[in-house]
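Below: one structure, written as structure tokens.
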Amino acid sequence: MLLLYPSKKEAQKIKKRARFNQITQSVNAWIINNPGTKIYRSHDVNKEYERNKAWTKTPNGQISSRRTQSQRNRELGYECLNEYVEGFEGHHINSNQVVFIPSELHKAHPHNHKKPETMVEINRIAMQYLFNYKA
């Protein structure tokens, strides 16, 4: 008999989802038991997503989105270390330097430039690609 165990990452996702479901159930039970109270924030993720999507289409939402996007653009420079090729995406290895790597490779490793722990792996891959591609 073959037993398949989830990887550590998958086990963490399962545990996180179970905890989320447990919290959601307790919140919903509290809402049912306290009918007269106001709820200021939706606990339904889909409703919240739709509300945020609608907000970005309003004039104030567009201003807020532009402000956020321009702040993000101000933080990052654009000094290219290799040439752009169609089907490639630019990846910032630091706040100024960009390495163009294949889109599939770039999207396969989720990362955020404000979280160093997510950048270590993608930067290593980008640098390996850069030096192998140039050679």
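The values are calculated or read from the model by the stated rules, or taken from the named source; none is laboratory data. No experiment lies behind these values; they were computed from the predicted model shown. Quick reminder, even Gly has a Cβ in these numbers, built from the backbone with ideal geometry, and neighbours come from all protein chains shown.
Here's a check for you: in segment 77-135, which residue that is hydroxyl-bearing (Ser, Thr, Tyr) and part of a helix (DSSP H, G or I) is farthest from residue 9 (Cα to Cα)?
So the residue we want is 133.
What residue, among those in segment 45-76 that are assigned to a helix (DSSP H, G or I) and of a type in the set (Val, Ile, Thr), is farthest from the chain's Cα centre (by Cα)?
Once the filter is applied, the top-ranked residue is 63.
Can you tell me which residue in segment 84-113 is surrounded by the most Cβ atoms within 10 Å (Cβ to Cβ), limited to those that are of a type in the set (Asp, Glu) and either modelled with pLDDT under 90 or under 15 Å from residue 125 (Cβ atoms) (or both)? Spell out how you get there, then give the answer.
The first filter runs over segment 84-113 and keeps only residues of a type in the set (Asp, Glu), leaving 86, 89, 104.
Subsequent filtering for residues that are either modelled with pLDDT under 90 or under 15 Å from residue 125 (Cβ atoms) (or both) retains 89, 104.
Values: 89: 15, 104: 10.
Per the criteria, the residue is 89.
Please verify whether segment 9-18 includes one or more residues that are of a type in the set (Lys, Arg), surrounded by fewer than 10 Cβ atoms within 10 Å (Cβ to Cβ) and not assigned by TED's automatic domain parsing to the domain that holds residue 124.
yes
What residue, among those in segment 19-38 that are surrounded by 10 or more Cβ atoms within 10 Å (Cβ to Cβ) and aliphatic (A, V, I, L, M), is nearest to the chain's Cα centre (by Cα)?
23
Which of the residues belonging to segment 48-83 are surrounded by 12 or more Cβ atoms within 10 Å (Cβ to Cβ), of a type in the set (A, V, I, L, M, F, W, C) and over 25 Å from residue 109 (Cα atoms)?
Residue satisfying the conditions is 55 alone.
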